[in-house]
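Readers should treat all values here as calculations from the given coordinates under stated rules, not as data from a laboratory. Here the structure is a predicted model, which is why all the values come from computation and not from measurement. Because the Cβ atoms are built from the backbone with ideal geometry, glycine has one as well, and the counts that use them run over all protein chains shown.
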Amino acid sequence: MNVHAILCWVLAACTLVLAGCGKTAVSVSQQSLPVATVAIVMSSPTPFPPTRTPRPSPTSLPTLTSTLEPTPVPPTATPVTLTYVFPVRGERIEYSPYHHDYPATDIFCPVGSEFVAPTSGIVDFVNRVDRWNPATNQPEHRGGLAVAIIGDDGWRYYGSHLSAVAEGIEPGVRVEAGQVLGYTGNSGNARGTPPHLHFGISRPTTPDDWAVRRGEIPPFAYLQAWERGELLRP
Ligand SMILES: [Zn+2]
């Protein structure tokens with residue numbers, strides 16, 4: 001009400017002052033308009049504070065958007081059902097809790113056994129060329145042919161020393177639990193050792209992060225559970 005009164009006063013004053021001024025009045029009134037708005041803003045702090053405090057639209061706005069968001073989210077969240085399978089399909093499979101100097105498991109098996117996705121996810125890393133050179137023994141090449149996926153559970157699963165990568169397995173491709181990713185072998189620094197799948201579980205960093213990718217948590221307990229058909233997630 002006060003603001004309205006002020007506006008009336010300003011308008012009344014303007015019409016009085018500008019009465020009979022002709023064409024110049026337009027430019028004067030245009031200049032005086034911004035001043036009027038400033039005047040309102042200046043005078044407003046007194047009556048407005050009470051209105052401004054409940055106004056904190058910043059707080060009410062996020063609440064509005066967050067109440068809107070939950071509606072579309074559930075449909076995308078529901079379809080993911082996690083299943084786990086043992087990552088090697090074949091016969092004469094042997095593995096132990098032991099792994100030399102970092103957490104991983106070497107699953108010994110005949111060359112050509114199927115390396116399968118332990119759970120559903122997206123292919124993250126693929127190497128189809130064995131670049132390992134015993135003379136230089138570069139750590140990033142020690143795995144030889146390898147595939148890593150990021151599981152729907154958020155963990156990265158890595159298998160290396162493969163003899164071949166399965167057709168169609170490329171970064172970005174979606175795979176289901178039990179889908180063949182490659183075939184076991186002894187590429188990389190497993191050359192000359194009994195053929196095995198080096199199996200690592202790690203946080204998903206970058207695809208080329210070999211130091212993390214090779215394994216961060218001991219997979220042995222999970223492998224045993226999956227072999228028994230139990231659902232145990234890292
Ligand atoms: Zn290993």
At 1.567 mPa s and 4 °C, Stokes D of segment 182-227 from Kirkwood alpha-carbon radius, µm² per second: 106
- prompt: Between THR81 and ARG131, 0.36 nm times their residue separation minus their Cα-Cα distance comes to what?
  reply: 14.3 nm
- line: For ILE217 and GLU94, extending 7 Å from Cα along the Cα-Cβ vector and measuring point to point gives, in nm, a value of 2.9
task: Lys and Arg at +1, Asp and Glu at -1: add these up for the other residues within a Cβ distance under 13 Å of ASN186 and post the number.
output: 0
field: Potential extension, TYR102-ALA164 segment - 0.36 nm per residue separation minus Cα distance
entry: 19.8 nm
Trypsin sites (Lys or Arg not before Pro) lying in DSSP loop within segment 147-234, provided at most 11 other Cβ fall within 10 Å: ARG228
message: From Cα pairs below 8 angstrom and at least 6 apart in sequence, can you work out the relative contact order of segment 88-227, rounded to a whole percent?
response: 30
task: Express in whole angstrom the spacing between the alpha-carbon centres of segment 166-180 and segment 145-160.
output: 10
- request: Run the quick spin-label model on LEU231 and GLU140: label points 7 Å from Cα toward the beta carbon, then report their separation in nm to one decimal.
  value: 3.9
message: List the GluC sites (Glu not before Pro) within segment 112-208 that DSSP assigns to loop and that have no more than 11 neighbouring Cβ atoms inside 10 Å.
response: GLU167
query: Just the projected area, averaged over all directions, of the convex hull on the alpha carbon atoms of segment 88-227: how many nm²?
result: 7.4
